[in-house]
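Got a structure here, written out as structure tokens. Questions coming.
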Amino acid sequence: MSAGDHLRDLMSQFTGPAQGPSELRIDNIETVPELFQPRGGISERHVSDLIKAIKAVGALDPVTVMVVGNRTILIDGHHRFEAYGAARWSTPVPVRYFEGTPEEAVLVAGEVNSKAKLPMDNTDRQNFAWRLVLIDRHSIARVARASGISAAQVTIMRRAKRTLGQQAGDHVSWFRARLAANGKDHEANGEDEREQWMQQVADRYADELTKKFSTKLALNPEVAAMALASYFGRKLPEVYGFLREHLGEDDRRAIEADNDEF
């Protein structure tokens with residue numbers, strides 16, 4: 001279901017702002033990340049830090065929810081929500097209630113995230129703006145303010161949406177939508193373009209690491225491993241799997257031989 005479909009579904013069930021208990025079990029809170037999680041994903045390091053805080057002090061600051069029909073939807077606090085789940089928190093958690101409409105909640109979620117401790121990067125901002133353009137319920141100025149991109153870029157997105165017509169909603173990222181609107185054939189070229197894009201991003205990250213740490217990480221692999229374990233949290237096994245793909249056959253055999261000695 002697209003972001004626009006989700007919003008229409010919520011609007012059809014919404015009868016007005018409502019309050020509920022000041023604490024709820026996380027099993028009773030529903031997430032709709034397509035609408036209310038503007039960032040590209042969850043920061044595992046932040047979740048890990050929150051898990052530690054939960055275990056040390058208990059429940060965290062209230063998450064923001066809204067009542068839509070018989071559903072309670074999470075608007076803000078996705079990292080806290082993930083941390084409660086990972087910590088197997090079984091008692092109710094504090095909540096506060098959003099008093100606007102689902103349409104307003106989408107904008108507020110973006111504005112809150114753009115000012116939060118973990119601000120959205122440019123890709124997240126563009127994808128969130130594209131999501132708002134697809135929903136097609138907000139002005140150019142409002143989309144620009146909520147997402148943090150320029151009004152000119154929102155105008156370009158609107159033009160791309162008109163060009164793509166009914167197929168616009170098939171493209172969940174602005175990167176893909178822009179390619180399609182420019183007439184690129186992603187069925188034929190999409191995988192190659194994705195590989196090129198991933199390599200460009202990886203090279204940029206590598207350059208940033210070099211500028212920040214020079215040779216410190218390379219000369220201290222154990223410390224580097226500890227830092228990566230802290231950063232990736234629950235995603236570390238997945239990262240390990242991808243790292244193995246970048247090892248040569250000789251390197252893999254050497255590692256396996258070292259492991260066999262223990």
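The values are calculated or read from the model by the stated rules, or taken from the named source; none is laboratory data. The structure presented is a predicted model; accordingly, all values stated were derived computationally and were not measured. Virtual Cβ from ideal backbone geometry, glycine too; neighbours counted across all protein chains shown.
Report yes if Val172 is outside any helix (DSSP H, G or I) and not basic (Lys, Arg), otherwise no.
yes
Follow-up. Would you be able to tell me the number of residues in the stretch 10-52 that are free of Cβ contacts under 8 Å to residues at least 24 places away in the same chain and either crowded, with 17+ Cβ neighbours inside 10 Å or of a type in the set (A, V, I, L, M) (or both)? It would help to see each step written out before you state the result.
Applying the first criterion (free of Cβ contacts under 8 Å to residues at least 24 places away in the same chain) to the stretch 10-52 yields 12, 16, 27, 41, 49, 52.
From the residues that got through so far, the ones that are either crowded, with 17+ Cβ neighbours inside 10 Å or of a type in the set (A, V, I, L, M) (or both) too are none.
Summing the residues that are free of Cβ contacts under 8 Å to residues at least 24 places away in the same chain and either crowded, with 17+ Cβ neighbours inside 10 Å or of a type in the set (A, V, I, L, M) (or both) in the stretch 10-52 gives 0.
Here is a yes/no grid of residues against (1) among the basic types (Lys, Arg); (2) modelled with pLDDT of 90 or more:
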| position | (1), (2) |
| --- | --- |
| Val93 | no, yes |
| Asn122 | no, no |
| Gln126 | no, no |
| Arg137 | yes, no |
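If you check Thr64 against the conditions, is it polar (S, T, N, Q), surrounded by 17 or more Cβ atoms within 10 Å (Cβ to Cβ) and not in a helix (DSSP H, G or I)?
Numbers: polar (S, T, N, Q): yes; surrounded by 17 or more Cβ atoms within 10 Å (Cβ to Cβ): yes; not in a helix (DSSP H, G or I): yes.
Judged against the criteria, Thr64 is a match.
Looking for whichever is modelled with pLDDT under 85, of a type in the set (Gly, Ala, Ser) and outside any helix (DSSP H, G or I) here; the options are Gly16, Gly4, Gly41. Which one fits? Walk me through how you get there before you give the answer.
Working: Gly16 fails: modelled with pLDDT under 85; Gly4 fails: outside any helix (DSSP H, G or I).
On inspection, the qualifying residue turns out to be Gly41.
For the stretch 84-99, indicate whether the set of residues that are crowded, with 20+ Cβ neighbours inside 10 Å, of a type in the set (D, E, K, R) and under 21 Å from Ser48 (Cβ atoms) is non-empty.
Within the stretch 84-99, none of the residues are crowded, with 20+ Cβ neighbours inside 10 Å, of a type in the set (D, E, K, R) and under 21 Å from Ser48 (Cβ atoms).
Anything in the stretch 74-99 that is in contact with a strand residue (DSSP E or B) (Cβ under 8 Å, 6 or more places away or on another chain) and among the hydrophobic types (A, V, I, L, M, F, W, C)? List them, or say none.
Across the stretch 74-99, the qualifying residues are Leu74, Ile75, Phe81, Val93, Val95, Phe98.
Return the pair list, or none, for Cβ contacts closer than 7 Å from residues in the stretch 83-102 that are in the same structural domain as Gly58 (by TED's automatic domain parsing) to residues that are of a type in the set (Gly, Ala, Ser) and part of a loop (DSSP other than H, G, I, E, B), at least 6 apart or on different chains.
That search, which allows pairs on different chains as well, returns Val93/Ala59; Pro94/Ser22; Pro94/Ala59; Val95/Ser22; Tyr97/Gly20.
Per-residue answers, yes or no, for (1) within 19 Å of the chain's Cα centre (by Cα); (2) among the polar types (S, T, N, Q); (3) under 15 Å from Glu30 (Cβ atoms):
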{"site": "Asp61", "(1), (2), (3)": "no, no, no"}
{"site": "Val67", "(1), (2), (3)": "no, no, yes"}
{"site": "Thr72", "(1), (2), (3)": "no, yes, yes"}
{"site": "Phe81", "(1), (2), (3)": "yes, no, yes"}
{"site": "Trp89", "(1), (2), (3)": "no, no, no"}
{"site": "Pro92", "(1), (2), (3)": "no, no, no"}
{"site": "Tyr97", "(1), (2), (3)": "no, no, yes"}
{"site": "Glu103", "(1), (2), (3)": "no, no, no"}
